[in-house]
1. What helices (runs of 4 or more DSSP H) completely inside the stretch 53-158 contain at least 1 residues that are of a type in the set (Asp, Glu) and crowded, with 24+ Cβ neighbours inside 10 Å?
2. Considering only residues that are among the hydrophobic types (A, V, I, L, M, F, W, C) and closer than 17 Å to residue 56 by Cβ, which ones fall in the stretch 373-399?
3. Considering 5, 48, which residue is more than 21 Å from the chain's Cα centre (by Cα) and on the phi > 0 side of the Ramachandran plot?
4. So which of 215, 244 is touching a Gly at 6+ places or on another chain (Cβ under 6 Å), over 25 Å from residue 106 (Cα atoms) and modelled with pLDDT under 90?
5. Do the conditions hold for residue 253, that is, is it part of a helix (DSSP H, G or I) and either at pLDDT 90 or above or touching a strand residue (DSSP E or B) at 6+ places or on another chain (Cβ under 8 Å) (or both)?
6. Would you mind finding the one in 273, 308 that is buried (at least 17 other Cβ atoms within 10 Å of the Cβ) and at pLDDT below 90?
7. When you look at residue 210, is it at pLDDT 90 or above and surrounded by fewer than 16 Cβ atoms within 10 Å (Cβ to Cβ), yes or no?
8. Give 315, 343, 319, 268 a once-over and let me know the one that is surrounded by 22 or more Cβ atoms within 10 Å (Cβ to Cβ), of a type in the set (A, V, I, L, M, F, W, C) and farther than 26 Å from residue 120 by Cα.
Amino acid sequence: MLLSHILAFFGICLLLSLLTGRGASYLKVPVILGYIVTGALLGPSILHYVSSQNIDSLNYINVITLSLIGFNIGSELKFKELRKMGKQILLIVTFEATAAFLLTAIATAIVLKSIPMGIIYGALASATAPAGTVDVIRQYRAKGEVTSTLYAVMGLDDIYALILYSLAIPIAGIMLGSTSVSVSVALLEACRDIGLEVVFGATIGYAMVRVGRYIHEQSLFMIFSLGCLFVMCAIALHFDISPILLTMTAAIVMVNSNGIITKKVTHALTQWSPPIYLMFFVLLGTRLDFGMIASYALLIAVYIVFRSFGKFGGAYWGASVSHASPNVRKYLGYTILSQAGVAIGLTLGAAKILIDMNLQHEATQIISVMTASTLLIMLIGPILVKYGLGRANELKAKD
């Protein structure tokens, strides 16, 4: 993709998103739906302004966005507050992620008449995307018990999803006839990745607190914050690890060491991040393929419906067992249905394993279904986040 084309694409996306975002606000829905519509208009399915290859070449936008999201989540996770609801959060995450895995695996296995493929879809269903959720929280300045619980759930959900995925994919591979996939090796690699993310994140978070004490000008603090963020993005890409957990760990170390510096960094990144979030959702929209949705309509519908039942029911069940407040029990489920970057990343990994096993059709199917379902879920997910937080009376800003 030529540099002039990239710059033109960015410019058109930003300007067109002003209109679609305004339209979304007029319809009283989260503005990110307007950004997704912008991407759909410019993508291969409608105006063909960008191709699939062009979209793949802009993957660094996803890495930067996921890094920002991870830092935002981590900056809300104070040990003092987590200790108060530690058991509650663990139960909710375990119940909602496991229920989504089991229900989706069983339903898709029945549709496809394939237990191993059902296991793969179930593993991918367990992840929750914080991107759209965090954007809605920021847009409406949500604050309260459900919002605090949601931040903690999102922080642990992807770790649990990664463990489920690391166990399920090798098992499915063995059932499909592969002799090159080992459960123990896959689990060790997952532990290695999590270890690297925690070590790098904690080290950088500690260094940011130490250095941040000597920076006072706002402009210099923004430069410092962005520099650290880009270094963490580079580490995540180099070691092929999750940018979310890495930056989340850095933020957790910071917020529990020095809340003032953490607020300064968060403020600096918030000032800079809106165009990046916008482009992330635009790029999601460019992947919308109406032909693909039609081809796998039944499988996509089954995946979305049973994953949603699992997430919502599991969250309610976990909140009930842990004796959470009525608001958390009734409304948390609405806020954890979104699916985006993490699930797509895991999908690409699963597809690569299937291709290595000469299962090209299954690899194409899984990419198609997960891309289409992600986009459809992102169309309704933010609306449900707004509804759930609104019913809990935690939205502080209006449309």
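The values are calculated or read from the model by the stated rules, or taken from the named source; none is laboratory data. Keep in mind it's a predicted model, so treat the numbers as computed, not measured. Positions of Cβ are backbone-derived with ideal geometry, glycine not excepted, and every protein chain shown enters the neighbour counts.
1. Filter on the stretch 53-158 gives 79-112, 130-139.
2. The one that is among the hydrophobic types (A, V, I, L, M, F, W, C) and closer than 17 Å to residue 56 by Cβ: 375.
3. Within the list 5, 48, the selection yields 48.
4. One residue alone meets the criteria, 244.
5. In short, yes.
6. Criteria check complete, one pass: 273.
7. Yes, satisfied.
8. Going through 315, 343, 319, 268 in turn, the sole match is 319.
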